[in-house]
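Working notes for the structure below.
The values are calculated or read from the model by the stated rules, or taken from the named source; none is laboratory data. Bear in mind the structure is a predicted one, so any value in this text is a computation, not a measurement. When we count neighbours, we look across all protein chains shown, and the Cβ atoms used for this are built from the backbone with ideal geometry, even at glycine. Only protein heavy atoms, including side chains, enter the accessible area calculation; ligands, DNA and RNA are left aside. Shrake-Rupley method; radii C 1.70, N 1.55, O 1.52, S 1.80 Å.
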Amino acid sequence: MSHKKRDRSWPPADAVEPLPAPVTDDHTHLPVPGVEEGGPGSEAPLTAAELTRRAAAVGVTRLITSACETPTWEGSLVLARELPAVRVALAVHPNEAVLHAGVREVGPDGLDPGVRAHHDEPLDEAMSRLEALIRAHRDVVVAVGETGMDLFRTGERGEAVQREAFRAHVALAKELGLPLQIHDRDAHRECVEVLEVDGAPERTVLHCFSGGAELAAACAEHGWYASVAGPITYPANDDLRSAVATLPDELLLVETDAPYLPPKRWRGRPNGSWLMADTVRSLAEQRGVALEAFCDTVRLNTETVYGAW
């Protein structure tokens with residue numbers, strides 16, 4: 001019996017109908033020249049310029065690329081200077097923080113932690129370098145992120161490292177007056193606890209919002225933003241849709257987290273910012289709002305958090 005091979009190629013550039021008004025992808029991961037990265041689309045990579053061009057053609061006119069591994073920092077800053085649509089969020093990802101701290105443990109996911117040469121840099125040195133880079137490039141760095149906690153990928157020792165690294169990022173964002181983008185995987189309670197105890201930055205974003213009613217209520221109470229990605233379109237995610245439905249319009253952002261998590265009809269294939277139009281349409285329908293009006297809401301929210309460029 002033959003099995004049809006799954007299509008893992010990039011969706012076509014004209015895969016989605018253009019939006020009626022411009023929006024911003026507030027969290028993507030653009031490829032950095034000279035940095036080898038695996039993941040979706042890496043076998044036939046598209047350049048950041050091409051990804052940005054495809055996005056602009058459907059109305060996703062601005063992108064924030066999250067550079068959260070140290071080898072991607074400098075190259076992402078270069079991209080922002082070469083591509084007018086692009087701005088940068090810089091951080092040490094929680095799973096990266098564990099490795100920079102010298103912790104070597106297999107987490108609940110059972111995967112090898114994937115230690116690489118750049119993890120030889122101690123975490124405190126990486127954090128010092130992060131602060132210096134942000135201070136030197138304030139014209140193109142619009143957020144600290146992604147930071148947070150990921151208890152799917154780490155054990156008890158790693159959890160302690162992640163919590164302290166998260167707290168350091170929270171403090172940095174507040175000191176610099178920048179928004180904070182939070183990675184929260186199987187750690188809703190822990191992330192909320194840190195934010196409540198330490199005091200969240202004025203503009204705090206739950207990137208790729210994956211929480212339920214309790215986390216949505218915390219966002220509404222504290223004025224934290226929920227950045228919604230492709231999983232909101234997946235048939236099994238009724239609880240996620242219900243939680244997002246309780247959030248006020250003024251706390252919603254939209255993202256791709258590309259090249260991961262494409263909207264439903266492209267699931268299993270690489271994601272790009274141009275496919276975000278599907279997510280925006282789905283959210284507008286779920287909320288019973290006219291598409292153009294919802295695009296305007298997303299744009300205004302994005303400018304409130306990150307400014308305009």
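Computed values, structure above
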read-out	value
So Cys208, is it under 19 Å from the mean Cα position of the chain (by Cα), in contact (Cβ under 8 Å) with a residue 12 or more places away in the chain, surrounded by 18 or more Cβ atoms within 10 Å (Cβ to Cβ) and in a helix (DSSP H, G or I)	no
Spans of helices (runs of 4 or more DSSP H) in the stretch 34-123 with at least 2 residues touching a residue at least 24 places away in the same chain (Cβ under 8 Å), of a type in the set (A, V, I, L, M) and open to solvent by 50 Å² or more (accessible area, probe 1.4 Å)	48-57
Residue check, Glu159 touching a strand residue (DSSP E or B) at 6+ places or on another chain (Cβ under 9 Å), modelled with pLDDT of 95 or more and under 25 Å from Ala55 (Cα atoms)	no
Filter result for Ala48 (of a type outside the set (Asp, Glu) and either in contact with a Ser or Thr (Cβ under 7 Å, 6 or more places away or on another chain) or closer than 15 Å to Asp257 by Cα (or both))	yes
Subset of the stretch 223-233 that is of a type outside the set (S, T, N, Q) and outside any strand (DSSP E or B) - its residue that is surrounded by the fewest Cβ atoms within 10 Å (Cβ to Cβ)	Gly223
Of residues in the stretch 287-309 being aromatic (Phe, Trp, Tyr) and not in a loop (DSSP other than H, G, I, E, B), the one most open to solvent (accessible area, probe 1.4 Å)	Tyr306
Residue in the stretch 253-262 that is over 22 Å from Asp7 (Cβ atoms), part of a helix (DSSP H, G or I) and open to solvent by less than 30 Å² (accessible area, probe 1.4 Å) present	no
Unique residue being open to solvent by 10 Å² or more (accessible area, probe 1.4 Å), in a helix (DSSP H, G or I), farther than 21 Å from Ser66 by Cβ and of a type in the set (A, V, I, L, M, F, W, C) when the list is Ala236, Ala284, Ala220	Ala220
Condition broken by Arg267, with the remaining ones in (1) out of contact with any strand residue (DSSP E or B) (no Cβ under 8 Å at 6 or more places or on another chain); (2) farther than 23 Å from Asp150 by Cβ; (3) of a type in the set (Lys, Arg) satisfied	(2)
Filter pass, Leu19 being assigned to a loop (DSSP other than H, G, I, E, B), buried (at least 20 other Cβ atoms within 10 Å of the Cβ), at pLDDT 95 or above and more than 16 Å from the chain's Cα centre (by Cα)	yes
Residue among Arg203, Arg157 that is over 20 Å from the mean Cα position of the chain (by Cα), surrounded by fewer than 21 Cβ atoms within 10 Å (Cβ to Cβ) and in contact (Cβ under 8 Å) with a residue 40 or more places away in the chain	Arg157
First in the stretch 278-307 and in contact (Cβ under 8 Å) with a residue 12 or more places away in the chain and over 25 Å from Glu202 (Cα atoms), second anywhere and of a type in the set (A, V, I, L, M) and assigned to a helix (DSSP H, G or I), Cβ under 6 Å, 6 or more apart	Leu291/Ala284
Condition check for Arg129: in a helix (DSSP H, G or I) and closer than 28 Å to Glu190 by Cβ	yes
Near pairs, Cβ below 9 angstrom, 6+ apart or cross-chain, from the stretch 9-30 (at positive phi) to any residue that is part of a loop (DSSP other than H, G, I, E, B) and buried (at least 16 other Cβ atoms within 10 Å of the Cβ)	none
Which numbered condition Val194 misses (of (1) out of contact with any strand residue (DSSP E or B) (no Cβ under 7 Å at 6 or more places or on another chain); (2) open to solvent by 20 Å² or more (accessible area, probe 1.4 Å); (3) in contact (Cβ under 8 Å) with a residue 12 or more places away in the chain)	(2)
Conditions (1) touching a Leu at 6+ places or on another chain (Cβ under 7 Å); (2) over 17 Å from Arg163 (Cα atoms); (3) not in a loop (DSSP other than H, G, I, E, B): number failed by Val144	(2)
Whichever residue in the stretch 239-248 is out of contact with any Gly (no Cβ under 8 Å at 6 or more places or on another chain) and surrounded by 14 or more Cβ atoms within 10 Å (Cβ to Cβ) and, among such residues, is farthest from Pro40 (Cα to Cα)	Leu247
